[in-house]
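S.K.: A single structure is presented below for examination.
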Amino acid sequence: MPTTTLSITNPATGALVLRVAADGPREVAARYAAARAAQPRWAATPMRRRIAAIEKFRELIIARTDALANTLTQEVGKPIRQSRNELKGLIGRLDFFIAESARALREQKVFVDAAQKLDERITHEPLGVVANISAWNYPYFVGSNVFVPALVAGNTVLYKPSEFATLTGRHIADLLHAAGIPEDVFVPVIGGGATGAALLRQPVDGVFFTGSYATGAKIAASAAKRMIKVQLELGGKDPVYVCDDVDVKATAAAVADGAFYNTGQSCCSVERIYVHESIYPQFVEAFVAEVKSYRIGDPMDEATYIGAITRRAQLDVLRRQVADARRKGAGLRLGGSAIKRKGNWFAPTVLTDVDHSMLVMRDESFGPIIGLQAVADDEAAVELMNDTAYGLTAGVYTGDAARARRVLSHVAAGSVYWNCCDRVSPRLPWSGVKHSGIGLTLSTMGIQTFTRPKAWHLKS
């Protein structure tokens with residue numbers, strides 16, 4: 001039996017929500033053994049039945065959206081409307097996997113030579129047992145990017161939700177089991193860092209991790225010794241460049257939403273803003289006015305836009321970034337400190353006249369804080385956008401499509417945006433470069449990533 005417990009607290013109030021049993025090394029090993037034993041049977045299950053289970057899971061998500069959103073808000077502090085948005089957005093993602101998986105994974109005949117009676121084909125074989133160490137900020141989005149295509153492709157999944165989204169992770173497991181996924185095929189592993197480390201010691205066939213660069217680098221080094229599949233979705237310091245030909249007020253509102261949605265706790269949140277110097281003063285005023293309009297308060301209130309900081313330790317990161325920027329000459333236009341109330345709260349913060357000597361423009365913030373810097377031209381913007389260890393997303397706002405393509409073609413990022421930001425589509429691959437990770441999820445390539453291609457040379 002597990003000997004340790006995991007305490008789940010509400011980040012908006014600091015109140016204890018629940019204590020749950022955490023899995024130790026023995027429990028993790030037993031769960032791995034069950035998943036390994038079940039995998040051949042699950043792989044032999046017709047794909048139509050595997051997809052049918054995901055269709056049922058979709059139905060159950062819709063039926064229980066309000067209750068699931070309440071749990072998500074309670075344990076991560078996300079405003080309730082944004083929790084519902086995540087669940088509603090999940091449906092479109094599931095629809096993509098349901099519609100495209102069979103086609104993406106079907107056997108392909110790629111060459112026939114009648115004279116030599118030669119037939120060449122490709123099949124997609126499941127990896128086997130997949131470890132999915134997921135995130136707390138979008139547990140339904142981030143998790144489903146992995147466990148849905150992994151299951152459809154015939155893998156069994158050891159799913160470790162973040163310890164900050166444990167109850168949501170248990171809901172996901174319960175709903176998948178109710179939908180027809182056997183309990184030894186989708187296996188939740190509950191706990192914190194020690195539980196995750198125990199999971200990574202199991203001889204799994206693939207590791208799919210979402211989290212920090214530091215942890216991801218350790219996982220990559222460990223997995224390299226075993227030659228197994230690794231996909232890492234890590235940090236970001238995502239830039240947006242605002243050109244001089246935009247509607248300033250509308251663009252300021254759009255970019256502010258990209259920076260502060262989910263209280264800035266998104267992998268692809270806007271974290272750096274570069275503005276053409278000719279419109280910089282007007283843009284700053286419009287941006288500050290927009291952020292001032294955001295309502296801070298009880299995440300369960302329908303009107304709340306800025307919620308709690310999920311991880312209390314992140315408050316110190318935000319304090320350090322503000323102090324460092326101000327010490328080096330940045331202007332503080334809004335916020336700048338933690339909010340004194342129960343729970344984990346930080347005021348929406350806007351820093352101006354920043355530069356790349358400052359932590360706020362170099363290190364991931366993952367909170368409601370943003371720096372704005374004026375640039376002389378497109379070339380200067382590109383140079384600064386690329387001056388980072390990360391490369392997840394980047395965006396440009398301009399009325400000129402050719403200008404946007406020219407700028408974005410020179411930016412090193414896995415996803416690029418023209419006149420939008422902070423957006424993920426199931427139809428497009430989700431990947432990063434540099435410290436933002438390796439591998440990909442989503443798109444048909446993100447379905448095939450849970451398989452090994454097998455080459456067939458057939459001669460009759």
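S.K.: Can you give me the C-alpha center-to-center distance between segment 201-227 and segment 276-314, rounded to a whole angstrom?
M.R.: 35 Å
S.K.: Against the empirical 2.2 N^0.38 Å scaling, what ratio does the C-alpha Rg of the chain come to?
M.R.: Values: Rg = 23.0 Å, N = 460, 2.2 N^0.38 = 22.6 Å.
Output field value: 1.02.
S.K.: May I ask you to compute the full-extension gain from ASP95 to ALA412, defined as 0.36 nm times their residue separation minus their alpha-carbon distance, rounded to one decimal in nm? Don't jump to the answer; show the numbers that get you there.
M.R.: Numbers: separation 317, 0.36 × 317 = 114.12 nm, distance 3.03 nm.
Full-extension gain reported as 111.1 nm.
S.K.: Continuing with the same structure: Over segment 5-62, what is the mean sequence separation of C-alpha contacts under 8 Å (at least six apart), divided by residue count, expressed as relative contact order in percent?
M.R.: Values: 24 pairs, mean separation 11.2, N = 58.
Relative contact order for segment 5-62 comes out at 19 percent.
S.K.: Taking the Cα centre of segment 238-425 as origin and charging only Cβ (+1 Lys, Arg; -1 Asp, Glu), how large is the dipole, in debye to the nearest 20? Walk me through the numbers before you get to the answer.
M.R.: On the way: 20 positive and 25 negative charges, 189 e Å.
Using Cβ point charges on Lys, Arg, Asp and Glu, segment 238-425 gives about 900 debye.
S.K.: Which loop GluC sites (Glu not before Pro) in segment 41-150, with loop taken from DSSP, have no more than 15 other Cβ atoms within 10 angstrom of their Cβ?
M.R.: Values: sites: GLU55, GLU59, GLU75, GLU86, GLU100, GLU107, GLU120; in loops: GLU107.
Of the GluC sites (Glu not before Pro), the ones in loops of segment 41-150 whose Cβ has at most 15 other Cβ atoms within 10 Å are GLU107.
S.K.: Test of understanding: ordering HIS276, HIS177 by Cβ neighbours within 10 Å, fewest first, what list do you get? It would help to have the intermediate numbers written out before the result.
M.R.: Values: HIS276 22, HIS177 16.
Placing the least packed residue first, the sequence is HIS177, HIS276.
S.K.: Right, something else. How much of the DSSP bridge set in segment 238-425 is antiparallel, in percent, rounded to the nearest 5? Walk me through the intermediate numbers first.
M.R.: On the way: 4 of 26 bridges.
Given both bridge residues lie in segment 238-425, the antiparallel proportion sits at roughly 15 percent.
S.K.: In addition: Ordered by residue, what ³J(HN,Hα) values in Hz, to whole numbers, does segment 179-189 give under the Karplus form 6.51 cos²θ - 1.76 cosθ + 1.60, where θ = phi - 60° and Gly and Pro are x?
M.R.: For segment 179-189, the Karplus curve yields 7, x, 7, x, 5, 8, 9, 10, 10, x, 10 Hz.
S.K.: Extension gain LEU458-GLU107, at 0.36 nm per residue separation less the Cα-Cα distance, in nm?
M.R.: 125.0 nm
S.K.: Shifting gears a bit: Using label points projected 7 Å from each Cα along Cα→Cβ, tell me how many nm separate ILE62 and GLN116, to one decimal.
M.R.: 5.1 nm
S.K.: Note down the magnitude of the dipole of the chain about its Cα centre, charges +1 on Lys and Arg C-beta and -1 on Asp and Glu C-beta and zero elsewhere, to the nearest 20 debye.
M.R.: Details: 54 positive and 45 negative charges, 332 e Å.
Taking the Cα centre of the chain as origin, the dipole is about 1600 debye.
S.K.: Stokes-Einstein diffusion coefficient for segment 238-425 at 10 °C in a medium of 1.306 mPa s, Rh from the Kirkwood formula over Cα pairs: what value in µm²/s? It would help to have the intermediate numbers written out before the result.
M.R.: On the way: Rh = 16.4 Å.
The estimated diffusion coefficient comes to 97 µm²/s.
S.K.: When DSSP assigns beta bridges and you keep just the ones with both residues in the chain, what percent turn out antiparallel, to the nearest 5? Walk me through the intermediate numbers first.
M.R.: On the way: 28 of 67 bridges.
Percent antiparallel among DSSP bridges in the chain is about 40.
S.K.: Next question, about the same structure. Of LYS340, LYS229, LYS237, how do they rank once you tally other Cβ atoms within 10 Å and put the fewest first? Walk me through the intermediate numbers first.
M.R.: Details: LYS340 6, LYS229 18, LYS237 25.
Ascending Cβ contact count within 10 Å gives the list LYS340, LYS229, LYS237.
S.K.: Dividing the Cα radius of gyration by the Kirkwood radius, what Rg/Rh value follows for segment 232-342? Don't skip to the answer; put the middle values down first.
M.R.: Values: Rg = 14.9 Å, Rh = 15.4 Å.
Looking at segment 232-342, the ratio lands at 0.96.
S.K.: Suppose a student asked you for the relative contact order of the chain, using Cα pairs under 8 Å spaced at least 6 residues apart; what percent would you report?
M.R.: Working: 1021 pairs, mean separation 88.7, N = 460.
Answer for the chain is 19 percent.
S.K.: Go ahead and run the numbers for FRET between ARG403 and ALA197, Cβ-Cβ distance against an R0 of 41 Å, rounding to 0.05. Don't skip to the end; give the middle numbers.
M.R.: Working: r = 48 Å, r/R0 = 1.17.
Once the sixth-power term is evaluated, E becomes 0.30.
S.K.: Next up: Multiply the residue separation of HIS177 and ARG423 by 0.36 nm, subtract the distance between their alpha-carbon atoms, and state the gained length in nm to one decimal. All intermediate terms of the calculation are to be shown ahead of the outcome.
M.R.: On the way: separation 246, 0.36 × 246 = 88.56 nm, distance 3.00 nm.
Result: 85.6 nm gained on full extension.
S.K.: Also, quick follow-up: Seen from all sides and averaged, what is the projected area of the convex hull of the Cα atoms in segment 377-437, in nm²?
M.R.: On the way: hull surface 16.8 nm².
About 4.2 nm², averaged over all directions.
S.K.: Using helices alone, what [θ] at 222 nm do you get for the chain, with -39,500 (n - 2.57) per DSSP H run of 4 or more residues, divided over all residues and rounded to the nearest 500?
M.R.: Details: 14 runs with 186 residues, N = 460.
Per the formula, -13000 deg cm²/dmol.
S.K.: Also: Can you flag which of LYS218/LYS340; LYS109/LYS229; LYS88/LYS218; LYS160/LYS340 are past 29 Å Cα-Cα?
M.R.: Details: LYS218/LYS340 36 Å; LYS109/LYS229 25 Å; LYS88/LYS218 34 Å; LYS160/LYS340 33 Å.
Over 29 Å apart, Cα to Cα: LYS218/LYS340; LYS88/LYS218; LYS160/LYS340.
S.K.: Sticking with this one: Past the 15 angstrom mark, what percentage of all C-alpha to C-alpha distances in segment 280-343 do you count?
M.R.: Numbers: 1292 of 2016 pairs.
Counting every Cα pair in segment 280-343, those more than 15 Å apart make up 64 percent.
S.K.: Counting just the Cα atoms, what span does segment 1-90 cover along each of its three principal axes? Round to the nearest Å and put the largest first.
M.R.: Largest first, segment 1-90 extends 47, 36, 14 Å along its Cα principal axes.
S.K.: Further question on the same structure: Would you mind computing, in nm to one decimal, how far apart the modelled labels at SER222 and ARG341 are, each placed 7 Å from Cα along Cα→Cβ?
M.R.: Placing both labels 7 Å beyond Cα along the Cβ direction yields 3.9 nm.
S.K.: Still on this structure, I have one more. What spacing in nm lies between the two simple spin-label points modelled at ASN85 and LYS249, each 7 Å away from Cα in the Cβ direction?
M.R.: With each label placed 7 Å out from Cα toward Cβ, I get 2.2 nm.
S.K.: Then there's this: Quick one: which residues, 5+ away or cross-chain, put their amide H under 5 Å from the amide H of GLY24? H built at 1.01 Å from N.
M.R.: Here THR3 satisfy the definition.
S.K.: What pairs in LYS249/LYS342; LYS78/LYS249; LYS117/LYS454; LYS56/LYS78 have C-alpha atoms more than 29 Å from each other? Don't skip to the end; give the middle numbers.
M.R.: Values: LYS249/LYS342 35 Å; LYS78/LYS249 27 Å; LYS117/LYS454 20 Å; LYS56/LYS78 26 Å.
Among LYS249/LYS342; LYS78/LYS249; LYS117/LYS454; LYS56/LYS78, the Cα-Cα distance tops 29 Å for LYS249/LYS342.
S.K.: Give me GLU271, GLU379, GLU163, GLU277 sorted ascending by neighbouring Cβ count inside 10 Å, so fewest comes first. Let's see the in-between values first.
M.R.: Working: GLU271 30, GLU379 11, GLU163 21, GLU277 14.
Exposure proxy ranking, most exposed first: GLU379, GLU277, GLU163, GLU271.
No value in this document is a laboratory result; all are computed from the given coordinates. Since the model is a prediction, treat every value here as computed from it, not as a measurement. Using ideal geometry, Cβ is built from the backbone for each residue, glycine included, and neighbour counts are taken over all protein chains shown.
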